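Take a look at the structure set out below.
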Amino acid sequence: MAGIKDVAAAAGVSVATVSRVLNEHPSVSADARARVLAAVEALGYRPNAVARSLRTHRTRTLGLVISDVLNPYFTALARSVEEEARTLGYSVIIGNADERPALQDHHVRTLLDRRIDGLLVSPTDGGSPLMLDAARAGTPMVFVDRWIGGVDVPVVRSDGRAAVRDLVAHLYRLGHRRLAIIAGPAATTTGRERVEAFRAALAAHGVPLPDAYIGQGDFKAGSGRRVTEGFLALPVPPEAVFAADNLMALGALDAIRARGLRVPDDIALAAFDDIPWFPHTDPPITAIAQPTGELGRAAVRALVDRIGGRPARSVTLPARLVVRRSCGEPGPRPGDVRPGVDAPATTDPTTGPATDRRSPAWPVSAGRPPAAHAD
């Protein structure tokens, strides 16, 4: 196996020059650097990572703590992080928090003990003392997808508010007025943000969001099923359910089918976080897609900048609405619209349909006009 002296001899430089090239020291000429790298490649030289880390205080390793490895969104995010890190010469150690703050802190502590160069975290809550202390101590850190307010750490995330507005406008055009949401944990920034965006978008159309139409989930499928079962048991169930996460949407779909109901004929369903198999469900599910790959790549680049002592800015990328067929698309044709159907509903789901202001010619129980399917 070739050693550093063999590389120096092949490149015609000193061992010290080889060391400076391998440690990315700027005081090496372009010609010498090129000869050293060519010799490294030709000889298949691999520096001792442990010895190198002791000399440079760098391990060329990043830590990534994701909220739930079983969530396809975070799986895709982790893949893009690993790919970008590898491109930049780093390895990645991944910890799965499973949406549990204590497990999240366990992984953070373990990664810091392993002397990683920097840390990427999607926080499970907003108050981890360990992460706050690590950030204040100067640990290179970037929050991805979620964040902790009041901490001077770059945040790489998508902004789903415009996409939620687009979704609500889309549902409104389709004739839906009783809209419910399966919310994520209130302790997470994304959980709070998606509920607030949904409520604001409904208000812009004059549509209320009763408390009974807000179900508290935990970004897992079981909570989506439980919340949807509660919605369907109301005296006046919602016409459309928006799950603020893909796994909760799948749980909602299970609950709807368990009742012998069909999407979208009996109830519409939409989700935040598109996943590869949503186009292949029956019907294909309308969803809000985040630019997951770019988020992961941008997070790694920001973290590497912090490690190198360079300024690192927060990055916010837009999410987008992907329209499929789970909400009754493409919607009522002009000739199918009944008088009064566009009037905002004031139904109280806990008391029944007495205050619903839709036209008697098209009662709520009759459903929506038939619509042709389109992807």
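The values are calculated or read from the model by the stated rules, or taken from the named source; none is laboratory data. As the structure is a prediction and not an experimental result, all values here were calculated from the model. Because the Cβ atoms are built from the backbone with ideal geometry, glycine has one as well, and the counts that use them run over all protein chains shown. These accessible areas exclude ligands, DNA and RNA; they are computed on the full protein's heavy atoms, side chains included. Shrake-Rupley method; radii C 1.70, N 1.55, O 1.52, S 1.80 Å.
Mind pulling up the Rg/Rh value for segment 205-295? Radius of gyration and Kirkwood radius, both on Cα.
Values: Rg = 13.1 Å, Rh = 13.5 Å.
Using only Cα positions, Rg/Rh for segment 205-295 is 0.97.
For the listed peptides 75-81, 229-235, a ranking on the average number of other beta carbons within 10 Å per residue, highest first, reads 75-81, 229-235. What fraction, in whole percent, of alpha-carbon pairs in segment 153-272 exceed 21 Å separation? Considering segment 153-272, 31 percent of its Cα-Cα pairs are separated by more than 21 Å. For GLU99, the accessible area of its heavy atoms, probed at 1.4 Å with every protein chain present, is near 30 square angstrom.
Taking all protein chains as they are arranged and a probe of 1.4 Å, the heavy atoms of ILE285 leave approximately 0 Å² accessible to solvent.
Beyond 25 Å, what share of the Cα-Cα pairs of segment 106-216 remains, rounded to the nearest whole percent? Counting every Cα pair in segment 106-216, those more than 25 Å apart make up 38 percent. Measuring nothing but protein heavy atoms, the accessible surface of segment 169-281 at 1.4 Å probe radius is 55 percent carbon and sulfur. Regarding segment 64-165, what's the average projected area of the Cα-atom convex hull, expressed in nm²? So the mean shadow area of the Cα hull is 6.9 nm². On a per residue basis, segment 119-229 carries 35 Å² of accessible surface, using protein heavy atoms and a 1.4 Å probe. Which stretch or stretches of segment 15-42 have amide N atoms under 16 Å from the point lying 7 Å from LYS5's Cα along the Cα→Cβ direction? Zone members listed by number: 15-19.
Taking packing as the residue-averaged number of other Cβ atoms within 10 angstrom, the listed peptides 152-158, 307-313 run from highest to lowest as 152-158, 307-313.
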